[in-house]
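Structure first, commentary second.
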Amino acid sequence: HQGIVVTDPPTPLPAAPRSFVLDGVRGLAIVLVVLSHSWKIWPEDARDGIGSFAALFNSGSVAVSIFFTISGFLATRALLRARDSQGPTSALGWFTRRTIRITVQMWVLLGAVWLMIRFDPTDLATDQVNRESLLSAATYTWNTYVRDHALEARSDIGALYFLGIDVQVLAVMTLLVVAVGKYRRVLGGVVLTALVLSSVWRSVDFAAHGWFHATLTTVDRLDAILWGVAAALIAPKLTWSRERAAAYLGAGTLILLGGILSTAFFGLDAYFTWLGPIIGAATAMMVLGDDGAKGVPTMAGTLWSSDRLSMLGRMSLTIFLWHIPIFEAMARHTPQWHPLPRSLVTIGVLIAVVALVERVVARPVDRLVGSWGRRPSAREPMATTRDKSP
């Protein structure tokens, strides 16, 4: 039959191997997030005189920027790989699978909060507040609800604004990859323009409306994700040597740690002006260096890929979801306890809950959803990389 050309269907590219370095960076970030909320069980006035160690308790916003940048990098890289290997609509499939992974875990948490509302007499929130709070959190509009209903929103799920912003931005990024992902220069121009404008706008909006509004407004937190998106677009064009990769990782590490330490001396005004972009750029340097190193050991890479930090990074989503609800529940039930035993017991409860949720929810969901849309062959084992946030 002349004129008929039979071609094989596009073969999915194997997922990029999991990075223990990026897991380690996320491990540090989740520790900073937990410490920034520890005032719920260990009041700030009981921590007087800790000096520069205050940076460990004041770096929650910096940690969120770290998560956002890594999320933007991993998501964009995965979206582009999916589009290039299987066509534009496969990017939508990847975004759907990622969102399902996050949603299942979040809905399990919201279900636990609902049960606590029903059976915990110390929870005094009204039915309307509970209904509106849980619904907006479940639909990824929680950041705008908290911003507009600050006095009514449930505080124990307040930090879920992060997931709302993350999903909102990456939904738009997915559509951009589907529409113009074939034209990398066009996509890069859009991302670079948005990065510059959002970096300027965040400081303007902060000055006009204050830190609370800026923290919860998607466009004011957009720049951190865009640093990661830009890094994913740049990475394939860079030529790497071990020395260059080590330099990127080392420089990014020093700048990042310096930014974290600076939070002991500077407040949110610094974060929404000069510090936030520095953290985004430093984290982008690190993900580029790690991508260029391709598993070759470097000094900074060895530091970040330590077993304990990497383990925390792999469980960072579960820790993030559960830590504040547990903190607030313990604080309500132990008002007369000394902060030290209360903190120790609370951390023990958090560890137990995280271990249980990882075993019965997170890992099974990852395995199930990760198998959707993949066609493993004898030559290509199924990858198990999890590109999700935190």
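List of remarks:
- Meets criteria (more than 11 Å from the chain's Cα centre (by Cα), more than 30 Å from PRO297 (Cβ to Cβ) and modelled with pLDDT under 90) for SER52: yes
- Residues (open to solvent by less than 80 Å² (accessible area, probe 1.4 Å), free of Cβ contacts under 8 Å to residues at least 60 places away in the same chain and assigned to a helix (DSSP H, G or I)) located in region 206-229: ALA208, ALA214, VAL219, ASP220, LEU222, ASP223
- Scan of region 139-163 for residues that are free of Cβ contacts under 8 Å to residues at least 40 places away in the same chain and either part of a helix (DSSP H, G or I) or under 24 Å from GLY228 (Cβ atoms) (or both), ordered by number: TYR140, THR141, TRP142, TYR145, ASP148
- Test: residue in region 262-272 that is under 18 Å from TRP304 (Cα atoms) and in a helix (DSSP H, G or I): no
- Some residue of region 155-175 being over 26 Å from TRP274 (Cβ atoms), modelled with pLDDT under 95 and of a type in the set (A, V, I, L, M): no
- Selection count, region 236-248, where residues are surrounded by fewer than 19 Cβ atoms within 10 Å (Cβ to Cβ) and either touching a helix residue (DSSP H, G or I) at 6+ places or on another chain (Cβ under 9 Å) or closer than 20 Å to GLY280 by Cβ (or both): 9
- Scanning region 292-313 for residues that are assigned to a helix (DSSP H, G or I) and in contact with a Lys or Arg (Cβ under 8 Å, 6 or more places away or on another chain) returns GLY292, ALA293, LEU312, GLY313.
- For region 302-317, residues that are under 22 Å from GLY158 (Cβ atoms) and in contact with a Leu (Cβ under 9 Å, 6 or more places away or on another chain) total 2.
- In region 283-298, the residues that are under 17 Å from LYS237 (Cβ atoms) form Cβ pairs under 8 Å with partners that are of a type in the set (Ser, Thr, Tyr) and at pLDDT 95 or above, at six or more places apart or across chains, as follows: ALA284/THR69; MET285/TYR248; VAL287/THR69; LEU288/TYR248; GLY289/TYR248; GLY292/TYR248.
Yes/no matrix, rows are residues, columns are (1) touching an Asp or Glu at 6+ places or on another chain (Cβ under 9 Å); (2) modelled with pLDDT of 95 or more:
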{"position": "ILE30", "(1), (2)": "no, yes"}
{"position": "PRO43", "(1), (2)": "no, no"}
{"position": "VAL62", "(1), (2)": "no, yes"}
{"position": "PHE67", "(1), (2)": "yes, yes"}
{"position": "PHE73", "(1), (2)": "yes, yes"}
{"position": "LEU80", "(1), (2)": "no, yes"}
{"position": "GLN86", "(1), (2)": "no, no"}
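- Residues of region 345-390 satisfying the condition of being modelled with pLDDT of 95 or more and open to solvent by 80 Å² or more (accessible area, probe 1.4 Å): ILE351, LEU356, ARG359, VAL360, ARG363
- Matching residues, region 335-344, being open to solvent by less than 90 Å² (accessible area, probe 1.4 Å) and closer than 16 Å to GLU44 by Cβ: PRO339, LEU340, ARG342, SER343
The values are calculated or read from the model by the stated rules, or taken from the named source; none is laboratory data. A quick note: this is a predicted structure, and the numbers were derived from the prediction, not measured. Note: ideal-geometry Cβ built from the backbone for every residue, glycine included; neighbour counts use all protein chains shown. Heavy atoms of the whole protein, side chains included, go into the accessibility calculation; ligands, DNA and RNA do not. Shrake-Rupley method; radii C 1.70, N 1.55, O 1.52, S 1.80 Å.
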